[in-house]
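Report on the following structure.
Here, each number is a calculation from the coordinates, and none is a lab measurement. Since this is a predicted model, take the numbers as computed values, not measurements. All Cβ positions, glycine included, derive from the backbone under ideal geometry; neighbour counts span all protein chains shown.
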Ligand code: PMP
């Protein structure tokens, strides 16, 4: 008997039950490279080829020997893991290294300041908070500048050097008063500015996007099941489709507004307007992960960048899943001509051992006071920073060999997936992705002949059932993406071998034959 079977299951028992229904509730006891070892019924270890890759957090595989050696060295050397409020030279070095590679990839030299955090969602929330602090400060600066002009107008009217033309009253919908000519004007401007400035900021995000599940970030995650129960807790997001400049323009037209003030021009008072900074930020993943491995096209990227530039809307580029080499560069977005005001990195930053994330903000947006209002006990710790430095060193050494490896291995894997799709166009809808971030989408099976396949598809569990079969029949681990459950994800490490690709080909071919023949009874789910 498994000694743990006597223990009452209190750690997410419902989720475990769901996993059990597709034979996915196995126990892994060891991990090495692209292999996890599961404990079988006899207590023995059985190797499983892991294509889920910690959902993208294992660019160098499980327990990479070089990263483990660095971790040992740190622990043996009694590294002061928690030394909050001190000099943190390792964090300084890590930020510098990130900047060095980012500058190279983007072809810019503007510094990006780093705020460290623990998880992907936290890095996103740090970016959103920073963007909001910056927006509020920009709004305050605009109001102050407008108030200065209004004061000048008041003084000029009072000393008789300026008059108030009818156009000013017309503009504001007020009548010329009997007394102080500016009193109703200033009152109306103050009222309108107050109303405008009190508006909630709008955060733009892409349909299909995923940015985390914390209170703020989940409102920027498109998946309704994750988001809507918590709508009352979070930020206001508007979701826009990829590749539509018109959709962006429509949202802008609906949300935009102005802040008002007065000034004096040639002895006449006039109303001046400043665009109200209503957009907090625009969030995007260069390759949507949980949305089904959907890369932005260059055209999609251009539309977003042009919108952001034209309307001073900060771009938050979520590279949490796509970054750190997975698509052949530190930033997948750098291959698309995108320039983030903010970048969020996490997952592989911790080398598979540490929990680490970072939010980077470019100098022109940077607000130093953010450092005093945002922190976490666990962020910027010595252990995770040193491990992240090791990861960057491994990525960038030998002229970026690991980046090239990700591209080359990714191409080999994608070529195989395409081959399977070509053989089974009736079963496989599309192969998508970049580098080692690939998706394999099946055609909808909700009208399938075989009841087991049809019911799994109807219940939204189709991808999990296929994952269960891959695991139990072929000892291959992967999962569907969170919000597109007909798409299996493949995110192995750069160590991926041709033999491992061959094993996946065999397994996927078996799945496709079962689906083509509607032989649901051949699915092995335990
Ligand atoms: N953004 C993206 C693009 C992600 O893929 C994820 C995790 N899947 C997150 C944010 C959230 O990261 P975490 O799970 O570390 O909070």
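Details
- Full-stretch length increase - residue 63, residue 76 - with 0.36 nm per residue and alpha-carbon distance subtracted: 2.9 nm
- Cα gyration tensor, the stretch 85-134 - rounded (a/c under 1.5), prolate or oblate: oblate
- Across the chain, the relative contact order, built from alpha-carbon pairs under 8 Å that are at least six residues apart, equals 21 percent.
- Cα gyration tensor shape of the stretch 440-487, rounded if a/c is under 1.5, else prolate or oblate by comparing a/b with b/c: oblate
- The reciprocal of the average 1/r between distinct C-alpha atoms defines the Kirkwood hydrodynamic radius, which for the stretch 143-253 equals 17.7 Å.
- Gyration tensor (alpha-carbon) shape descriptor, the stretch 1-154, a/c threshold 1.5: prolate
- Ranked by how many other beta carbons lie within 10 Å on average, peptides 313-324, 298-309, 140-151 from highest: 313-324, 298-309, 140-151
- Full-stretch length increase - residue 253, residue 510 - with 0.36 nm per residue and alpha-carbon distance subtracted: 87.4 nm
- Antiparallel beta bridges, as assigned by DSSP with both residues in the chain, represent about 70 percent of the total such bridges.
- Multiplying the residue separation of residue 108 and residue 401 by 0.36 nm and removing their Cα-Cα distance gives an extension gain of 103.2 nm.
- Folded to 0 to 90 degrees: helix 65-76 orientation relative to the chain principal axis, Cα: 70 degrees
- Residue 266-residue 21 pseudo-label distance in nm [points 7 Å out on the Cα-to-Cβ vector]: 7.5 nm
- Relative contact order of the stretch 97-235, pairs being alpha-carbon contacts under 8 Å that are 6 or more residues apart, as %: 18 percent
- Distance in nm between pseudo-label sites at residue 522 and residue 12 (7 Å out along the Cβ direction from Cα): 3.3 nm
- Counting all C-alpha pairs of the stretch 357-483, share separated by more than 23 Å (%): 58 percent
- In this structure, residue 158 and residue 225 have a Cβ-Cβ separation that, at R0 = 60 Å, corresponds to a calculated FRET efficiency of about 0.50.
- P(r), alpha carbons of the chain - 10 Å bins starting at zero, rounded %: 4, 17, 24, 23, 15, 8, 5, 3, 1, 0
- Rounded tilt (10° steps) of 382-423 against the dominant C-alpha axis of the chain: 70 degrees
- Calculated FRET efficiency for the pair residue 166/residue 213, C-beta based, R₀ 56 Å, to 0.05: 0.50
- Computed log₁₀ I(q)/I(0) - Debye formula, equal Cα scatterers, no solvent, the stretch 232-278, q 0.19, 0.22, 0.24 Å⁻¹: -0.76, -0.85, -0.92
- Computed from the C-beta positions of residue 419 and residue 145, the FRET efficiency with R₀ = 60 Å rounds to 0.45.
- Where labels lie 7 Å past Cα in the beta-carbon direction, separation of residue 299 and residue 412 in nm: 3.4 nm
- In terms of packing, defined here as the mean over residues of other Cβ atoms within 10 angstrom, the peptides 47-60, 332-345 line up highest first as 332-345, 47-60.
- Per-peptide packing, taken as the mean over residues of other Cβ atoms within 10 Å, places 490-500, 232-242 in the sequence 490-500, 232-242 from highest down.
- Helix-only CD estimate at 222 nm, as mean residue ellipticity for the chain, using -39500 (n - 2.57) per DSSP H run (n ≥ 4): -13500 deg cm²/dmol
- Angle in degrees between helix 183-197 and the longest Cα principal axis of the chain, rounded to the nearest 10: 0 degrees
- Taking the stretch 244-284 and a reference point 7 angstrom along Cα→Cβ of residue 306, the backbone N atoms nearer than 13 Å belong to 244-249.
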